[in-house]
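In what follows, a single structure is set out as structure tokens and then discussed.
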């Protein structure tokens, strides 16, 4: 039986984290280990996790500083690999999987491999918002032939990229392609990583594997929505995407991003100071080009 390490990255969301943990414990196909990466929370999370007992073997990684979602996922995925997991199942601390979410992810992955071959790099869940609508920020990018598996009777569509909200990643992917860029801190780390690992073969979104994303407003990433409250996230996202487009795609892709950012900010009437800040982040992406980190080769079995 496959060994699956569930990896949850958390920062100051203790109430939601408790629901995530309960949802993982309720899975019909239980993970063999639960790894919780605490990004230096200050809301009592460390104290709670320090006395927590779970039905699944638990490991808490208490990071000394907040490394963002990107750093947390990189650390947690590496730890799962080092513990010998065949798969890591990664999610945020506001992701509530339905009881059969992991079982459906595994079954969908196996069925996709049977049809597409052994290079399928991940399976991801259908992500709903708390009101039952689809979560706007977590829609995977489909391939041109997205329905190929559907035509074979499977309940999965083929995708190029997805967000890190319930993704099942096999061990060989981490070994071959490395870890997410921890330097990204937040935003676009998931998009870059899944684009990186689908260059040979697409991943799949398993439509019967459903999770609820208990995020704030149900909005996608729109540069016209930048304001004083969310500008810090957009600053990371724009720098990270600019770096990716320039260094891993082309100068044209970088310039196209810059034009899109400018147009959407203007249409959204983003204030001038914030616009100038985002232009600065586009320029920062020129020199920002982190290297891929790989986990050490040695591993122990769970």
When residues of segment 62-104 are limited to those that are farther than 30 Å from residue 217 by Cβ and without any contact (Cβ under 8 Å) to a residue 40 or more places away in the chain, the one surrounded by the fewest Cβ atoms within 10 Å (Cβ to Cβ) | 64
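Which is farther than 26 Å from residue 67 by Cα and touching a residue at least 40 places away in the same chain (Cβ under 8 Å), of 202, 295, 290? Step through it out loud before you land on a result.
Working: 295 fails: farther than 26 Å from residue 67 by Cα; 290 fails: farther than 26 Å from residue 67 by Cα.
Testing whether each residue is farther than 26 Å from residue 67 by Cα and touching a residue at least 40 places away in the same chain (Cβ under 8 Å) leaves just 202.
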Mind checking which residues of segment 109-148 are in a strand (DSSP E or B), in contact (Cβ under 8 Å) with a residue 12 or more places away in the chain and either in contact with a helix residue (DSSP H, G or I) (Cβ under 8 Å, 6 or more places away or on another chain) or within 20 Å of residue 95 (Cα to Cα) (or both)?
-> 123, 124, 125, 126, 127, 128, 129, 141
Do we find a residue being closer than 22 Å to residue 76 by Cα, at pLDDT 95 or above and touching a helix residue (DSSP H, G or I) at 6+ places or on another chain (Cβ under 8 Å) anywhere in segment 217-231?
-> no
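Among the residues of segment 117-148, write down those that are buried (at least 22 other Cβ atoms within 10 Å of the Cβ) and over 15 Å from the mean Cα position of the chain (by Cα). So that I can check it myself, show each step before the final result.
Applying the first criterion (buried (at least 22 other Cβ atoms within 10 Å of the Cβ)) to segment 117-148 yields 120-127, 135, 138, 140.
Across segment 117-148, the qualifying residue is only 120.
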Within segment 42-57, is even one residue under 20 Å from the mean Cα position of the chain (by Cα) and either more than 30 Å from residue 201 (Cα to Cα) or part of a helix (DSSP H, G or I) (or both)?
-> no
May I ask you to verify whether residue 17 is touching a helix residue (DSSP H, G or I) at 6+ places or on another chain (Cβ under 8 Å), under 28 Å from residue 233 (Cβ atoms), in contact (Cβ under 8 Å) with a residue 12 or more places away in the chain and part of a helix (DSSP H, G or I)?
-> yes
Are any residues in segment 24-56 touching a strand residue (DSSP E or B) at 6+ places or on another chain (Cβ under 7 Å) and surrounded by fewer than 19 Cβ atoms within 10 Å (Cβ to Cβ), and if so, which ones?
-> 46, 52, 54, 56
Go through the residues of segment 182-199 one by one and say whether even a single one is outside the structural domain of residue 274 (by TED's automatic domain parsing), surrounded by fewer than 18 Cβ atoms within 10 Å (Cβ to Cβ) and assigned to a loop (DSSP other than H, G, I, E, B).
-> yes
Selection within segment 164-178 - part of a loop (DSSP other than H, G, I, E, B) and crowded, with 21+ Cβ neighbours inside 10 Å | 164, 165, 166
Out of 151, 156, 163, sole residue that is free of Cβ contacts under 8 Å to residues at least 40 places away in the same chain, in the same structural domain as residue 85 (by TED's automatic domain parsing) and closer than 14 Å to residue 122 by Cβ | 163
Within segment 263-282, can one find any residue that is over 21 Å from the mean Cα position of the chain (by Cα), closer than 30 Å to residue 2 by Cβ and not in a helix (DSSP H, G or I)?
-> no
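Could you list, in sequence order, all residues of segment 201-216 that are modelled with pLDDT of 95 or more and not in a strand (DSSP E or B)?
Restricting attention to segment 201-216, the residues satisfying the condition of being modelled with pLDDT of 95 or more are 201-214.
Result: 201, 202, 214.
The values are calculated or read from the model by the stated rules, or taken from the named source; none is laboratory data. Note that this is a predicted model, so its numbers are computed, not measured. Here Cβ is always computed from backbone atoms with ideal geometry, including for glycine, and neighbour counts include all displayed protein chains.
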